[in-house]
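A.B. asks: The structure follows.
The values are calculated or read from the model by the stated rules, or taken from the named source; none is laboratory data. Since the structure is predicted, the reported quantities are computational estimates derived from the model, not experimental observations. Glycine also receives a Cβ, built like all others from the backbone with ideal geometry; neighbour counts cover every protein chain displayed. Quick note on the areas: whole protein, heavy atoms, side chains included, nothing else; ligands and nucleic acids left out. Shrake-Rupley method; radii C 1.70, N 1.55, O 1.52, S 1.80 Å.
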Amino acid sequence: MTNMSLVTTFILTGLPHAPELDTFLFGIFLVIYVLTVVGNLLILLVITVDPHLHTPMYYFLTNLSFIDMWFSTVTVPKMLMTLVSPEGSPVSFPGCVAQLYSFHFLGSTECFLYTVMSYDRFLAISYPLRYASMMSGRTCAILATTTWLSGSLHSAVQTTLTFRLPFCGPNQIQHYFCDAPPILKLACADTSTVEMVIFVNIGVVASGCFLLIVLSYVSIVHSILKIRTSEGRWRAFQTCASHCTVVLCFFVPCVFIYLRPGSKEAMDSIVAVFYTVMTPLLNPVVYTLRNKDVKKALLKLKDKIVYLQS
């Protein structure tokens, strides 16, 4: 950040939409946000209390649920505020910095975590007999810690590059949260170099993670085809299909917004809804609530609650 900055408050203009849809959109996004938080909290609770779910896969899923809960919290409340305020939602300069950092921190950590989860599935399917020793508790902790530290470093670079520029003119951000592309448009200086560095930074992270995920799944498919029973192949395929679905929902919008020439604020903010609002909601449904082990754990938890109340 720089002392040259004269802007003390930014105004988030929100999603482009007809004013008469304010109440409807507010209700929809509020329900989605509540379901996202409750769903991910439930997943965290079930995996924590059930010893049968204390495995590497569910260990990484607890990290994912924790990220998704806060990822949604960083963006959706501000979106709701823009829907109830026709003039837009004000956010202080430090608040905007904090939101951009938190958004990229959680987003890039999730990106790295998807890569680790694909590697975990690769080991589980390709090396079932050696899986427990290869993915020990210590290994899981190191991998999870690495994703969080990498996400923090990546976000620090994005935030520093964005807010080291002077902001001395317009303060309306054409988005529902503070993100680098719309903020850079407000800078009172040439942003071409910063945009290129951010483009390369995000490009390396996104393309690198996606390539590693693709390589993992090519190897996984090769291993699945070697499974003799059709039931075993189907079970392995179901596990991988869930991961692939969520990965595509996360990566495709990111690539569209950050890794294409030019930027259209209206289109970017609409596309961003998919990975800031919908993906955190999809994760608990796609990954865990469809899982038989989690369903059993939920029923056990419900029985315990009923027993305690009786």
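A.B. asks: Please tell me if L161 is under 27 Å from F10 (Cα atoms), assigned to a helix (DSSP H, G or I), free of Cβ contacts under 8 Å to residues at least 60 places away in the same chain and not polar (S, T, N, Q).
C.D. replies: yes
A.B. asks: Being of a type in the set (F, W, Y) and at pLDDT below 80 is the filter; apply it to the range 247-283 and report the residue that is surrounded by the fewest Cβ atoms within 10 Å (Cβ to Cβ).
C.D. replies: Ranking the qualifying residues of the range 247-283, first place goes to F256.
A.B. asks: Which of the residues spanning the range 8-38 are open to solvent by 70 Å² or more (accessible area, probe 1.4 Å), farther than 14 Å from M81 by Cα and within 24 Å of the chain's Cα centre (by Cα)?
C.D. replies: V31, V34, L35, V38
A.B. asks: Any idea which of L41, L53 is open to solvent by less than 30 Å² (accessible area, probe 1.4 Å) and either under 30 Å from T139 (Cβ atoms) or touching a residue at least 24 places away in the same chain (Cβ under 8 Å) (or both)?
C.D. replies: L53
A.B. asks: A further question on this structure: Regarding the range 98-105, can at least one residue be identified that is open to solvent by 40 Å² or more (accessible area, probe 1.4 Å) and either more than 29 Å from V252 (Cβ to Cβ) or of a type in the set (K, R) (or both)?
C.D. replies: no
Residue-by-condition table, conditions (1) more than 22 Å from V252 (Cβ to Cβ); (2) assigned to a helix (DSSP H, G or I); (3) touching a residue at least 24 places away in the same chain (Cβ under 8 Å):
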residue: M196; (1), (2), (3): yes, yes, no
residue: N201; (1), (2), (3): no, yes, yes
residue: V205; (1), (2), (3): no, yes, yes
residue: C209; (1), (2), (3): no, yes, yes
residue: S216; (1), (2), (3): no, yes, yes
residue: S219; (1), (2), (3): yes, yes, yes
residue: S223; (1), (2), (3): yes, yes, yes
residue: E231; (1), (2), (3): yes, yes, no
residue: W234; (1), (2), (3): yes, yes, no
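A.B. asks: Considering only residues of the range 63-118 that are of a type outside the set (D, E, K, R) and not in a helix (DSSP H, G or I), which is farthest from the chain's Cα centre (by Cα)?
C.D. replies: Among residues in the range 63-118 that are of a type outside the set (D, E, K, R) and not in a helix (DSSP H, G or I), the one farthest from the chain's Cα centre (by Cα) is P86.
A.B. asks: Of everything in the range 68-80, what is in contact (Cβ under 8 Å) with a residue 60 or more places away in the chain and among the aliphatic types (A, V, I, L, M)? Give them in sequence order.
C.D. replies: If the condition is that a residue be in contact (Cβ under 8 Å) with a residue 60 or more places away in the chain and among the aliphatic types (A, V, I, L, M), then M69, V74, V76, M79 are the ones that fit.
A.B. asks: Residue check: is T288 of a type in the set (V, I, T) and either surrounded by fewer than 19 Cβ atoms within 10 Å (Cβ to Cβ) or at pLDDT 80 or above (or both)?
C.D. replies: Answer is no for this residue.
For (1) open to solvent by less than 20 Å² (accessible area, probe 1.4 Å); (2) hydroxyl-bearing (S, T, Y); (3) modelled with pLDDT of 90 or more, each residue gets a yes or a no:
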residue	(1), (2), (3)
Y131	no, yes, yes
M134	no, no, yes
A141	no, no, yes
A144	yes, no, yes
T159	yes, yes, yes
C168	no, no, no
S207	no, yes, no
S223	no, yes, no
K226	no, no, no
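A.B. asks: Is the range 167-180 home to any residue that is out of contact with any Asp or Glu (no Cβ under 9 Å at 6 or more places or on another chain), assigned to a helix (DSSP H, G or I), touching a residue at least 12 places away in the same chain (Cβ under 8 Å) and of a type in the set (A, V, I, L, M, F, W, C)?
C.D. replies: No; the residues of the range 167-180 include none that is out of contact with any Asp or Glu (no Cβ under 9 Å at 6 or more places or on another chain), assigned to a helix (DSSP H, G or I), touching a residue at least 12 places away in the same chain (Cβ under 8 Å) and of a type in the set (A, V, I, L, M, F, W, C).
A.B. asks: Run Y59 past the list (1) open to solvent by less than 60 Å² (accessible area, probe 1.4 Å); (2) of a type outside the set (G, A, S); (3) under 25 Å from L153 (Cβ atoms) and report the number of the one that doesn't hold.
C.D. replies: Single failed check for Y59: (1).
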